[in-house]
Every structure is written in structure tokens, then in C-alpha cells.
Amino acid sequence: MAMIIDGKKISQQIKEELKEKVALQKAKGKTGALAVVQVGADPASSVYVRNKKNACAFIGIESLAYELPEETSEEELLSLIAELNGKEKVKGILVQLPLPAHINEDKVIQAISPEKDVDGFHPQSVGAMVIGEKGFLSCTPAGIIQLLKRSDIEICGKNCVIIGRSNIVGKPMALLMLRENATVTITHSKTQNLAEVCKQADILVVAMGKPQFIGAEYVKEGAVVIDVGIHRDADNKLCGDVKYGEVEPIASAITPVPGGVGPMTIAMLMNNCVQSIEEG
Ligand code: GUN
């Protein structure tokens, strides 16, 4: 029987801590707003955006919503970002991804001022993370580190295998695990003998984007399994990249979907916003 890592509870704790910090900041006259930009009306993005606004309201920071139509041009979006970069009150800018195909995401990410890059996606934020300098950390990987630490799971010296090499999860996850002194392996769609490699993991982070793909044959007895995937199964129920029913009995700890990694991403976004307000 694995310990179920309760991301909902841990994220709530973090948001309570942040709420107190925001109150202290307000008492010192330090305030700021998060600008949340959505282009188009992708239903999953709308849910995430709503949750982000609700989290801002909970911890006590203002959110400014920019809901732009699908046909917004790249130029128009870049001009909004330039305007937000220049607004004193805006301390964080979040552009919900994915963007419509006619807009270059990299160009948009690079247009956000690194001082307001609360997603941690700007090349300057990524570079700072690589060399261990101060900067905004990518929210999902930072949330996973918090899940492990707050569940008293040792990272130092452990074999950590990550499935997936995206800029948003896989790559920054590897760097943060390395920062915590894990021995890190990144695997991906071209990796040979994936199951064999994964079976070496003390901590297995699954971010491959394939519904219920990882079964017992990928997991060592007693491993910690972190499932970053979020999908709908045939019955329209949320599920992850991991076959939960099969893996849970052999893992020592596991994150559920929903209620594992998902809520942590937003908690860490709020953490970055509070950090940005603190730094003025
Ligand atoms: N789309 C999926 N995850 C994220 C995220 O963490 N930030 C943004 N901006 N868009 C996303």
C-alpha cells in the first residue's frame, strides 16, 4: 500500500502560508497584480485560468483578466505584453498556453519581462535555474519538489528517472532534481528499453502525455511515482499517464490524478507572484 501524496492538501497549506505573507506585504504597503492572458476559448485553458484567478483571490492578490479572441494577431498580443511590462502595478504576467497556431509561443514568452515572468518560461529564468541563480522557477517542477519535501521523501542521492523532455516539465524537472542532489536520467520517446531504465528509479516522474501508459513493469518495488499527466478516459473520468490501480500496490508513495501534481502548479505560480511583489 502506497502513501498517497495529497497535492490538494499540500497546495492548500502553501496557499494559506502565502495568504499570510500577502497580508504582511500589504501592511508594509507592498502590493501588485497578476495579469492573466488567454487567447481563444480552449475549454481546458479556461478551467486553468479560472483556477488561477480564484487562487489569486484566495491569497489576496489582484488578478487582471485579459480574454482575447482566437483571431488576435501575434502583433496585438505582443503589444499587450509590452503594455503590461510597463505597468508598475503588474508584478506578474501569465500567458496561458497553448496559443493558437498562428502565434509563435517562443516569441511571446521572450517578450515577457523576466522580472514579471512568474511562469518561469523565459530563457533568462531558465538560464538562471541552470546555473543556480535566483529567478522564477517553472511551476510544475517546483511544485513536485515541494510535494516530495513536504511528504518527507528524501531526494538527495536517489536515482530519479524522468519520462518526458518538454521545456515546461521534463527539462526543468531534471535541473531541480539535480539541484537537490539526485542522480538524474531523462528519458523520452526515442529511449531504448524504457521499462528497464524506469525500473532503476527510486523516484519516477512521468510526464509523457500518454493516458494510462505506465504499468507495473516500469516501476521498482518501493519506488515513489509522480504522475504529471492529465487526461480524460473512455468514461470521461480524469486519469494520468500512470495505470494507478496497477502501480499503487508496488509503489511506496504515489500522486493521484486528480489531486496530485495539478493543484501544486497553481500554488507555485502564487508563490512566484508573492516573490515578485516582495522584490518590487
Ligand atoms: N499550459 C499548461 N500548463 C501551463 C502553465 O504552467 N503555464 C501556462 N502559462 N500555460 C500552461
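Counting only residues that are under 20 Å from the mean Cα position of the chain (by Cα) and either under 16 Å from Val161 (Cα atoms) or crowded, with 19+ Cβ neighbours inside 10 Å (or both), region 213-242 holds 10 of them. Only a single item in (1) part of a strand (DSSP E or B); (2) under 19 Å from Asp241 (Cα atoms) is not met by Val184, and it is number (2).
Close contacts from region 119-139, counting a first residue that is of a type in the set (D, E, K, R) and a second that is away from the ligand (no atom under 14 Å from the Cβ) and part of a helix (DSSP H, G or I), with Cβ to Cβ under 7 Å and a gap of 6+ residues or different chains, come to Lys134/Ala128. Within region 160-179, the residues that satisfy the criterion of being surrounded by fewer than 17 Cβ atoms within 10 Å (Cβ to Cβ) and either closer than 15 Å to Tyr218 by Cβ or of a type outside the set (A, V, I, L, M) (or both) are Ser166, Asn167, Arg179.
When Gly86 is tested against the conditions (1) within 16 Å of the ligand (Cβ to nearest atom); (2) at negative phi; (3) not charged (D, E, K, R), the lone failure is (1). Criterion applied to Ser79, Ser46, Ser125 was being hydroxyl-bearing (Ser, Thr, Tyr), away from the ligand (no atom under 11 Å from the Cβ), under 15 Å from Leu269 (Cα atoms) and not in a loop (DSSP other than H, G, I, E, B), and the one residue passing it is Ser125. Residues that are surrounded by 17 or more Cβ atoms within 10 Å (Cβ to Cβ), of a type in the set (S, T, N, Q) and out of contact with any Pro (no Cβ under 7 Å at 6 or more places or on another chain): does region 111-129 have at least one? Taking every residue of region 111-129 in turn, none turns out to be surrounded by 17 or more Cβ atoms within 10 Å (Cβ to Cβ), of a type in the set (S, T, N, Q) and out of contact with any Pro (no Cβ under 7 Å at 6 or more places or on another chain).
Selection of region 172-222 for residues being among the charged types (D, E, K, R) and either farther than 17 Å from Val261 by Cα or touching a Lys or Arg at 6+ places or on another chain (Cβ under 7 Å) (or both) yields Arg179, Glu180, Lys190, Glu196, Lys199, Asp202, Glu217, Lys220, Glu221. Number of residues in region 1-60 that are more than 23 Å from Leu147 (Cβ to Cβ) and acidic (Asp, Glu) equals 1.
Computed from the coordinates by the stated procedures, all read-outs in this text should not be read as laboratory data. These figures come from a predicted structure and were not determined experimentally. Neighbour counts run over all protein chains shown; Cβ positions are idealised from the backbone, glycine included.
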